[in-house]
1. Once neighbouring chains are kept in place and the probe is 1.4 Å, which whole percent of the accessible area of the chain is contributed by carbon and sulfur?
2. Quick one: longest stretch of the chain between exposed loop chymotrypsin sites (Phe, Trp or Tyr not before Pro), exposed meaning at most 12 other C-beta atoms within 10 Å and loop per DSSP?
3. Can you pull out the trypsin sites (Lys or Arg not before Pro) in the stretch 58-111 that DSSP calls coil and that have at most 16 other Cβ atoms within 10 Å?
4. For the chain, report the accessible area per residue in Å² (1.4 Å probe, heavy atoms, rounded to an integer).
5. Give me the distance between the Cα centres of the stretch 218-294 and the stretch 1-40, rounded to whole Å.
6. Provide the percentage of antiparallel DSSP beta bridges, counting only those with both residues in the stretch 1-141; round to the nearest 5.
7. Just for the chain, what percent of DSSP beta bridges are antiparallel, to the closest 5?
8. Would you mind calculating the relative contact order of the chain from Cα pairs under 8 angstrom and at least 6 residues apart, reporting the percent as a whole number?
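The values are calculated or read from the model by the stated rules, or taken from the named source; none is laboratory data. All values derive from a computational prediction rather than experimental measurement. Neighbour counts are summed over all protein chains in view; Cβ atoms, including those assigned to glycine, are modelled from backbone coordinates with ideal geometry. Protein only, heavy atoms only, side chains kept; ligands, DNA and RNA dropped before computing areas. Shrake-Rupley method; radii C 1.70, N 1.55, O 1.52, S 1.80 Å.
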Amino acid sequence: MAAYRELLLRHFPAAEFAASEAPGHEYRLADQAMEAGHTLLVAVGGDGTWSHVADRIVASGREDVALGVLPSGTGNDFARNLEVSYRNPADAVARLVRGVAVSVDVGRVNTPSSPAEASTRSSDSERVRHFINVVGVGFDVAVVDAAASARFLRGELLYKVTALQQLFRFRGLELSVSDGEGFVRMAPHLMLTVTNGAFFGGGFPIAPKARIDDGVLHGCMIGDGTPMRRLALFNKAEKGRHVEEPEVEVRTARRFTLTAQAPFRFEADGDLYETAVPVLDLEVLPGALQVIRG
């Protein structure tokens with residue numbers, strides 16, 4: 001954060017800074033910044049931080065407010081869609097400075113949900129929310145859980161190591177998915193992701209053809225299998241080749257509805273939430289967010 005502050009002040013001497021004090025505090029900081037009249041909100045962090053700020057911008061209906069992203073988090077997958085690397089802060093700031101505001105899509109979780117962790121529920125009640133990169137259920141949630149308890153790893157390596165562990169531990173999930181246009185799939189799933197962008201999990205191209213401005217969501221449905229078959233799919237997913245396998249089905253739609261036998265947890269941009277009902281309804285909001293792209 002200190003490095004970014006110094007770099008930003010070189011280009012934006014009048015910039016104002018605020019630091020989140022607890023998970024979910026970004027929501028309030030974003031609201032305060034907009035109330036103060038700021039029209040460029042630069043968020044330093046990862047997918048969760050950017051998602052929280054984007055959620056407030058989209059919910060406000062303010063079309064004159066843009067989001068700038070500077071990566072320093074765990075996954076940083078949304079930044080990959082903008083070709084911004086967390087390895088070079090100076091380059092990330094330079095891209096921000098020379099960039100222009102472009103319209104990108106946002107996903108909306110229409111089913112009211114609340115944070116899965118009791119410690120964050122007080123700052124974020126059950127409600128409709130938005131996501132900028134991915135919603136995942138099943139194996140994805142197990143990996144986020146495992147990553148949260150890891151002590152000595154971070155970044156891409158953290159996700160890859162915890163994912164390998166869960167390939168042998170996760171029990172699978174019975175789930176049906178529909179797109180409201182006649183497609184229905186009901187099967188045991190290893191994982192199901194609904195993505196706005198191409199990447200998730202620290203750089204896996206889970207939906208290789210997805211673009212954050214294509215006006216649709218991309219559903220990647222991966223059927224369950226033995227641990228060794230899961231490992232084979234995991235290895236192929238590193239290069240986006242999992243989509244060629246018979247267990248995998250990828251569809252595009254403006255809306256997806258996921259249904260289970262009981263309320264379930266899901267991951268949205270790296271944060272865990274849970275529904276009060278056994279249904280999760282997701283839709284795309286084309287061009288709903290202005291993002292600075294260098």
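1. Details: 6850 of 13310 Å².
Its accessible area is 51 percent carbon and sulfur atoms.
2. Details: sites that count: PHE17, PHE152.
The longest such stretch corresponds to 153-294.
3. Working: sites: ARG62, ARG80, ARG87, ARG95, ARG98, ARG108; in loops: ARG62, ARG87.
Qualifying residues, ordered by number: ARG62, ARG87.
4. On the way: 13310 Å² over 294 residues.
Each residue of the chain exposes 45 Å² on average to a 1.4 Å probe.
5. So the separation of the two Cα centres works out to 31 Å.
6. On the way: 4 of 10 bridges.
In the stretch 1-141, approximately 40 percent of DSSP beta bridges are antiparallel ones.
7. On the way: 54 of 62 bridges.
Percent antiparallel among DSSP bridges in the chain is about 85.
8. Details: 634 pairs, mean separation 70.2, N = 294.
RCO, the chain: 24 percent.
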